[in-house]
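Working notes, beginning with the structure itself.
The values are calculated or read from the model by the stated rules, or taken from the named source; none is laboratory data. No experiment lies behind these values; they were computed from the predicted model shown. Here Cβ is always computed from backbone atoms with ideal geometry, including for glycine, and neighbour counts include all displayed protein chains. Note: accessible area is taken over every heavy atom of the protein model, side chains too, but ligands, DNA and RNA are not part of it. Shrake-Rupley method; radii C 1.70, N 1.55, O 1.52, S 1.80 Å.
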Amino acid sequence: PVCPFGRLTWDESGVQGIVASSKGAEFISLPALAADQALTERHANLTLDAKGTLTGTLEVDFTGIRGSGIRQNERGEGQTDRRKDLSDIIENWLPSRATFHITSVTGWKHPSAPLRVQGTLSIPGYGTGLGKRLLVPLVTFTSPEASAFRASTRVNGIYFSYPFERRDDVTLQLPAGYAVESLPKLPAVHEPAFVYTVTAAKQGNALHVARDLAVLGFYFDARYYPAIRDIFSMVKTGDDDQAVLEPSVAAASH
């Protein structure tokens, strides 16, 4: 009941099932999940001040099986506990000093619609001063997978719960009196089982950042560990890249 029509929970997808009828029983293969059937979309409209504090609004859509898992876990919970658990999920993507306050949640009773969380976000010290310049991370949300492959070797296979995708769309208003001095060259991954892209573009006195991470499989043999480790090393590099802001007067003189 918590899944979109025509879908099963992740642990009942991509496995064998039995169909019973008057003629007996037969085994069938249940369809596996696609990454875009476990989709998280994050839309943020944020403002950075001259002291490096980031504030603004954040809207998160948990779609498909991603939303179903949350609905299943929260069945029987009250509104206060549900909001607390959703806040914990979102704050796990953010620096420890960040705060996120939910303003609305919709979609609990409509499995085919996204489970949508809206709220306000504040991250003190998001921008770091360097002389008159500010260094600003382009990617607001951390990826837990990016730090999960620190060991140089691995004996066991690599298992993700299910294929998934995360898409970010962030608009970052720059502090008054500042302009973009430089943007890094951002890495990209286009592999059969992994996709990672980040783009950043100036839009007036704002930066628009789009990020996409898709894991298209869920189990990989240990022999693929070095390649997967390299991929997520590039993800971490891209997520850690920073834009350099400088006072507008200096930017105009360049």
Suppose we filter L33, L39, L58 for residues that are touching a residue at least 24 places away in the same chain (Cβ under 8 Å) and either within 20 Å of L172 (Cβ to Cβ) or part of a helix (DSSP H, G or I) (or both); which single one remains? L58
If you take the residues of region 193-205 that are in a strand (DSSP E or B) and among the polar types (S, T, N, Q), which of them is surrounded by the most Cβ atoms within 10 Å (Cβ to Cβ)? T197
Can F218 be described as closer than 30 Å to A32 by Cα and in contact with a Phe, Trp or Tyr (Cβ under 8 Å, 6 or more places away or on another chain)? yes
Result of the Cβ filter at 7 Å on region 86-110, keeping first residues that are under 20 Å from L138 (Cβ atoms) and partners that are polar (S, T, N, Q) and at pLDDT 95 or above, at least 6 apart or interchain, is A98/S122; F100/S87
For G6, state whether it is without any contact (Cβ under 8 Å) to a residue 40 or more places away in the chain, outside any strand (DSSP E or B) and over 24 Å from W93 (Cα atoms). yes
When region 19-40 is checked residue by residue, the ones that are open to solvent by less than 70 Å² (accessible area, probe 1.4 Å), closer than 30 Å to F160 by Cβ and out of contact with any Gly (no Cβ under 7 Å at 6 or more places or on another chain) are V19, A34, A35, T40
Can you list residue pairs whose Cβ atoms sit under 8 Å apart, with the first residue in region 193-222 being farther than 21 Å from L183 by Cβ and the second being of a type in the set (K, R) and in a loop (DSSP other than H, G, I, E, B)? Count only pairs 6 or more apart in sequence or on different chains. A222/R154
Going by the structure shown, is R82 in contact with a strand residue (DSSP E or B) (Cβ under 8 Å, 6 or more places away or on another chain), more than 16 Å from L46 (Cβ to Cβ) and of a type outside the set (S, T, Y)? yes
Residues that are closer than 16 Å to E74 by Cα and either hydroxyl-bearing (S, T, Y) or open to solvent by less than 10 Å² (accessible area, probe 1.4 Å) (or both), drawn from region 105-138: T106, L115, V117
Filter result (on the phi < 0 side of the Ramachandran plot and outside any loop (DSSP other than H, G, I, E, B)) within region 62-79: F62, T63, I65, R66, G67, S68, G69, I70, R71, Q72, N73, Q79
Residue by residue through region 41-89, note down the ones that are of a type in the set (S, T, N, Q), more than 18 Å from V2 (Cα to Cα) and surrounded by 13 or more Cβ atoms within 10 Å (Cβ to Cβ). N45, T47, T53, T55, T57, S87
State the number of residues belonging to region 223-245 that are open to solvent by 30 Å² or more (accessible area, probe 1.4 Å) and more than 30 Å from A176 (Cβ to Cβ). 10
Here are P124, P163: which of them is in contact (Cβ under 8 Å) with a residue 60 or more places away in the chain and touching a helix residue (DSSP H, G or I) at 6+ places or on another chain (Cβ under 7 Å)? P163
Can N92 be described as within 20 Å of Q37 (Cα to Cα), modelled with pLDDT under 95, in contact with a helix residue (DSSP H, G or I) (Cβ under 8 Å, 6 or more places away or on another chain) and surrounded by fewer than 20 Cβ atoms within 10 Å (Cβ to Cβ)? no
Exception for H190 within (1) surrounded by fewer than 17 Cβ atoms within 10 Å (Cβ to Cβ); (2) under 30 Å from T53 (Cα atoms) falls at (2)
So, G17, is that one in contact with a Leu (Cβ under 6 Å, 6 or more places away or on another chain) and at pLDDT below 95 or not? yes
Filter result (among the small types (G, A, S) and out of contact with any Ser or Thr (no Cβ under 6 Å at 6 or more places or on another chain)) within region 18-43: A20, S21, S22, G24, A25, S29, A34, A35, A38
